[in-house]
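Here is the structure we will look at, set down as structure tokens.
The values are calculated or read from the model by the stated rules, or taken from the named source; none is laboratory data. On a predicted model such as this, the values are computed, not experimentally measured, just so you know. Glycine gets a Cβ as well: all are built from the backbone with ideal geometry, and neighbour counts include every protein chain shown. SASA here: full protein model, heavy atoms, side chains in, ligands and nucleic acids out. Shrake-Rupley method; radii C 1.70, N 1.55, O 1.52, S 1.80 Å.
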Amino acid sequence: MLKQFKTKKRMLLTAALMSGLLGAGAAHAEIDSIHFLIPGGAGGGWDGTARGTGEALTNAGLIETASFENMSGGGGGKAIAHLIEISDQAHGTLMVNSTPIVIRSLSKVFPQSFRDLTPIAATIGDFGAFVVKADSKYQNFSDVVADYKMDPRSVIIAGGSARGSMDHLVAAMAFKAAGANPNKVKYLAFDGGGKAMASLLSGEAGLLSTGFSEALALATAGEVRILVMTGDQRSDAAPSVQTLKEQGYDAAFVNWRGFFGAPSLSDADADEYAQTLAQMYDTAEWEKVRARNGWTEIFKPRAEFVTFLEQQEEVIGNLMRELGFL
């Protein structure tokens, strides 16, 4: 029943978007290819989202080819600045991004915000997760909390993003929910999930704060365990993994991911990209990618995406101030 409801909802979203575009009288050229700009290194959530989306679009025949470019630096700011700089030559490019574009803009990691780009659509949500080595002494988050309350500096957490960014923020939220001081989190920042994972495996860090989809891929290799995840309920992709709420901590978090175009992209072209992404939801190829990564669907095209981003800016800004990150 739930699957039928989700399928019907996707069809209605697609129909509504296409109807709105046609009603606006916009003329669209079909999209043959998309160049995905990824603001971080390989192995991270942005990388997985861009490549998974490109895989679904090409396998479903919605586009002919997809190409990918990783451009790390500046907490994602290098890729944003690059897309703005080459705006007129980048109408075939979509940049993947997520909650960090709001967080890092608020904390002035880079001077731009989502307003300097053309928001296309939010497409998926990925929960947070805490990962430990397979032989870690930690069996649940309560074990971590016990050590943290005795000595916060004894709990070292690695993340694939900068200090004060999402991986750090999720860890602070979890310890705050446990009644501990969230400002004492000892966080090791790395550029990309692969380097953060290496820190965990080497023993430099005791925990890895990462996206749930990344955690699933890491756990498949057998070297790590997913200790807990931040959804409101367990995921079908890993039904044995408990939520923070199940373990007694009133905290939940979902990180949206989506796509942005160059600032000079026309409304007609932006609408065409949004329509193509909407059509993707109804394909078996997308369902295969989505289920494999444990993503939840969050489709918010164009104006709805902008409204959502404005709301995120307010809510996350208040939380960051409360936690002392601003």
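Out of Asp267, Asp271, report the one residue that is over 18 Å from Asn97 (Cβ atoms) and crowded, with 20+ Cβ neighbours inside 10 Å.
Asp271 is the lone residue from the list that is over 18 Å from Asn97 (Cβ atoms) and crowded, with 20+ Cβ neighbours inside 10 Å.
Condition check: under 21 Å from Thr49 (Cβ atoms), outside the structural domain of Met95 (by TED's automatic domain parsing), aliphatic (A, V, I, L, M) and in contact (Cβ under 8 Å) with a residue 12 or more places away in the chain. Does Leu169 satisfy that?
yes
Can you say whether Glu314 is open to solvent by 10 Å² or more (accessible area, probe 1.4 Å), more than 22 Å from Ala79 (Cα to Cα) and either out of contact with any helix residue (DSSP H, G or I) (no Cβ under 9 Å at 6 or more places or on another chain) or in the same structural domain as Gln233 (by TED's automatic domain parsing) (or both), as far as the supplied structure shows?
Answer is yes for this residue.
Find the strands (runs of 3 or more DSSP E) located wholly in the range 26-137 whose residues include 1 or more that are under 30 Å from Asp232 (Cα atoms) and open to solvent by less than 20 Å² (accessible area, probe 1.4 Å), and list them.
Once the strands (runs of 3 or more DSSP E) in the range 26-137 are filtered for at least 1 residues that are under 30 Å from Asp232 (Cα atoms) and open to solvent by less than 20 Å² (accessible area, probe 1.4 Å), what remains is 33-38, 93-98, 118-133.
Going through the range 146-162 one residue at a time, which ones are open to solvent by less than 10 Å² (accessible area, probe 1.4 Å) and in a helix (DSSP H, G or I)?
Tyr148
Read through the list (1) of a type outside the set (D, E, K, R); (2) crowded, with 20+ Cβ neighbours inside 10 Å; (3) within 30 Å of Glu85 (Cα to Cα); (4) at pLDDT below 95, then give the number of the only condition that Gly294 fails.
(3) is the only condition that Gly294 fails.
So in the range 31-53, with the set limited to residues that are closer than 14 Å to Met95 by Cβ and β-branched (Val, Ile, Thr), which one is farthest from the chain's Cα centre (by Cα)?
Out of the qualifying residues, it is Ile34.
Assess whether Gly23 counts as being modelled with pLDDT under 95, open to solvent by less than 30 Å² (accessible area, probe 1.4 Å) and in the same structural domain as Lys78 (by TED's automatic domain parsing).
So Gly23 does not fit the description; no.
Would you say Ala174 is open to solvent by less than 10 Å² (accessible area, probe 1.4 Å) and not assigned by TED's automatic domain parsing to the domain that holds Ala268?
yes
With respect to the numbered conditions (1) within 19 Å of the chain's Cα centre (by Cα); (2) not assigned by TED's automatic domain parsing to the domain that holds Pro182, which one is the sole condition not fulfilled by Ala303?
Single failed check for Ala303: (1).
Residue-wise test of (1) open to solvent by 10 Å² or more (accessible area, probe 1.4 Å); (2) within 16 Å of Val102 (Cβ to Cβ); (3) modelled with pLDDT of 90 or more.
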{"position": "Gly231", "(1), (2), (3)": "no, no, yes"}
{"position": "Ala237", "(1), (2), (3)": "yes, no, no"}
{"position": "Gly248", "(1), (2), (3)": "yes, no, yes"}
{"position": "Met280", "(1), (2), (3)": "no, no, yes"}
{"position": "Thr283", "(1), (2), (3)": "yes, no, yes"}
{"position": "Leu326", "(1), (2), (3)": "yes, yes, no"}
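Collect the residues in the range 297-307 that are open to solvent by less than 40 Å² (accessible area, probe 1.4 Å) and either assigned to a helix (DSSP H, G or I) or not hydrophobic (A, V, I, L, M, F, W, C) (or both), keeping them in residue-number order.
Pro301, Phe305
Look through Lys186, Lys176, Lys149 and report the one residue that is of a type outside the set (Gly, Ala, Ser) and more than 25 Å from the chain's Cα centre (by Cα).
Step by step, each of Lys186, Lys176, Lys149 is checked, and only Lys149 is of a type outside the set (Gly, Ala, Ser) and more than 25 Å from the chain's Cα centre (by Cα).
Scan the range 38-53 and report the pairs whose first residue is on the phi > 0 side of the Ramachandran plot and in the same structural domain as Val96 (by TED's automatic domain parsing) and whose second residue is surrounded by fewer than 21 Cβ atoms within 10 Å (Cβ to Cβ) and part of a helix (DSSP H, G or I), with Cβ atoms within less than 8 Å and a gap of 6+ or a chain change.
Gly43/Gly194
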